[in-house]
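This report refers to the structure that appears directly beneath it.
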Amino acid sequence: MSKIDSLSKRLIVLLAAASALGPAGMQILLPALPIIQSDYSVSNDVAQLTLSLSMLAIAFGTLVYGPLSDKYGRKPIMLLGILITVAGSIFCYLADSIFWLIVGRFIQAFGAAVGLVLARAIVRDVYGADEAARVIATLVMVMVVVPMMSPALGGELMQLFGWESVFIVVAAASMLIFAFMLFGQPETLATPVPFEGIGSMLRTFASLFESRAFCGYAFCVTFVSVVFFSFISAAPEIMVSVLDRPPTEYGYYFVLIPLGFMVGNYVARHFGRRKSIDEMIAMGATIAVGGIVLAIVLNLIGLSHPLTLFLPISIAVFGNGITLPNAQAAAINEFPQYAGSASGLTGFLQMAVSAIAAQLVAFIFNGTVYPLLILMLTASLLSLYLFKWGVETQSVTA
């Protein structure tokens, strides 16, 4: 199969929408969690499973879709995953107990994970290393910004039509993406890779882990994601209980976070031609560490205000917006023949470790901002260290 030269702007937008489907579908239900808890007469911990198990479903989904797409092609596996998303959304809408709602959410998130994996693999099929990083920057921006806005959409839908309506919206959006993909997505896999079952898949993952460079890039991506998910899981509680601000103010200050990430993505896309991928990753990771250190210093000197938290973190997220697409592209570039598997394994590490970190933030919270900021600083330092660890190996072996 001949490789196409480039992807149309319309298809890039569709791939971005598909990559955002999983995180957006996961987070659109957040405003309804207290109502779900009341409607089903369950504890907060049980209601929270509709979120945490969705994250795990996305993590496991990223492991499955990559190897399958390496064998059967990107397009059929993409369409299959979107159909599973539709089925899971309908299942959620019809659920009459918390158990079946959790099951439906797991199915929905498992299906929607396909976009996270295959959008990046499709881009890598078509473009070289540097151009892939710039296109993936667009995908990552949409993947992060759309889910950031989805809780607000979920809240509006909940007020107007009831919390169950969010599942109809996710199903409808999935069907729309499916229709456009069915008629507009070309097959980009040039040479299928034989898939011989779970054992073969695990051996492929093992071979990826044998590459120190791949591990450096993949774990850099992982801990950059930990910074983001730790913050969004803890910031609402900190806003209310530590900063003593009403929940309504959270949304206004939170705008700084997607704004910072979007600007970082802009830098990654438009200045990537002037610097190498490794230079961009190092620059972004260093900025992220500096932003978190600034937040710690401002709070230590007694400046307790939402801006002393959100503004420095927006600087850190700006750095992550530079690092993330470049590190994702670099991880996949290590094994172009296993682009789907490399993308899937990277996505699994992102979501699985981030899910653990989100729970850890709640566990270590002590009524101050410092446990969160220390965890975020640790993750940022690890992302920078592991990246340099992998790059140094390449330099030695080159």
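A few remarks follow.
- Single condition S200 does not satisfy, out of (1) under 29 Å from L79 (Cβ atoms); (2) under 23 Å from the mean Cα position of the chain (by Cα); (3) polar (S, T, N, Q): (2)
- Listed here are the helices (runs of 4 or more DSSP H) enclosed by the stretch 169-255 that have at least 2 residues being modelled with pLDDT of 75 or more and of a type in the set (K, R), and there are none.
- Output for the stretch 147-163, where each listed residue is outside any helix (DSSP H, G or I) and surrounded by fewer than 18 Cβ atoms within 10 Å (Cβ to Cβ): G162
- Against the criterion of being touching a helix residue (DSSP H, G or I) at 6+ places or on another chain (Cβ under 7 Å) and either free of Cβ contacts under 8 Å to residues at least 12 places away in the same chain or hydrophobic (A, V, I, L, M, F, W, C) (or both), L94 does not qualify.
- All conditions in (1) on the phi < 0 side of the Ramachandran plot; (2) not in a helix (DSSP H, G or I) hold for I332, with the sole exception of (2).
- Residues in the stretch 309-336 that are among the β-branched types (V, I, T) and more than 24 Å from V135 (Cβ to Cβ): I313, I315.
- Checking A132 against (1) over 28 Å from E334 (Cβ atoms); (2) touching a helix residue (DSSP H, G or I) at 6+ places or on another chain (Cβ under 8 Å), the condition it does not meet: (1)
- Residues in the stretch 56-102 that are surrounded by 24 or more Cβ atoms within 10 Å (Cβ to Cβ) and among the polar types (S, T, N, Q): T62, S69, T85, S89.
- Scope the stretch 103-139; condition within 22 Å of S43 (Cβ to Cβ) and buried (at least 22 other Cβ atoms within 10 Å of the Cβ); matching residues: R105, F106, A109
- Subset tally (residues that are modelled with pLDDT under 85, aliphatic (A, V, I, L, M) and in contact with a Gly (Cβ under 8 Å, 6 or more places away or on another chain)) for the stretch 256-271: 2
- Of residues in the stretch 280-322 being surrounded by fewer than 17 Cβ atoms within 10 Å (Cβ to Cβ) and not aliphatic (A, V, I, L, M), the one modelled with the lowest pLDDT: S304
The values are calculated or read from the model by the stated rules, or taken from the named source; none is laboratory data. Everything quoted here is computed from the prediction, not taken from an experiment. Heads up, the Cβs are rebuilt from the backbone with ideal geometry, glycines too, and the neighbour counts pull from every protein chain shown.
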